[in-house]
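As structure tokens, the structure follows; a few thoughts come after it.
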Amino acid sequence: MRSNNIGNDKKRQVKVLCSGDVNGNFKQLIARIALVNQKAGPFDILFCVGEFFGPDNDENEKVINGEIDFPVPTYILGPCCPSTSTYYPAESVEFSQSLTYLGKKGTLMTAN
């Protein structure tokens, strides 16, 4: 993935991480990101493409309320199963500075 720097023709590589199912294991995901970031980073962005939320309502609420920070800007795609669909609003939303639900966006412009 490449991105243009504003104001010049130089291109900068954007390092992207992808994750499958998180299933509410947010602390485990954060620890894994930190480890991978240390070994091969820094990474610019993380896409979570599987089931993000899990069965622990309290942990899910912490994420929704922005109480849990992720070490890189993290984007989640959407519910995979009906049991967690209540945690996803109808439109895209920033749960925190480090976590965004993309909703039905077709295009996303990032800082990179």
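Annotations
- Beta carbons closer than 8 Å, at least 6 apart along the sequence or on distinct chains, pair a first residue in segment 68-93 that is farther than 15 Å from residue 24 by Cα with a second that is crowded, with 18+ Cβ neighbours inside 10 Å and of a type in the set (Asp, Glu) for 72/44; 73/44.
- Residues that are assigned to a helix (DSSP H, G or I), out of contact with any Phe, Trp or Tyr (no Cβ under 8 Å at 6 or more places or on another chain) and under 18 Å from residue 84 (Cα atoms) within segment 39-61 comprise 57, 58, 61, listed in sequence order.
- The set of residues in segment 69-105 being among the charged types (D, E, K, R) and not in a loop (DSSP other than H, G, I, E, B) consists of 94 alone.
Bear in mind these aren't lab numbers, they're just calculated from the coordinates by the rules spelled out. Because the structure is predicted, anything quoted here is derived from the model rather than measured. Heads up, the Cβs are rebuilt from the backbone with ideal geometry, glycines too, and the neighbour counts pull from every protein chain shown.
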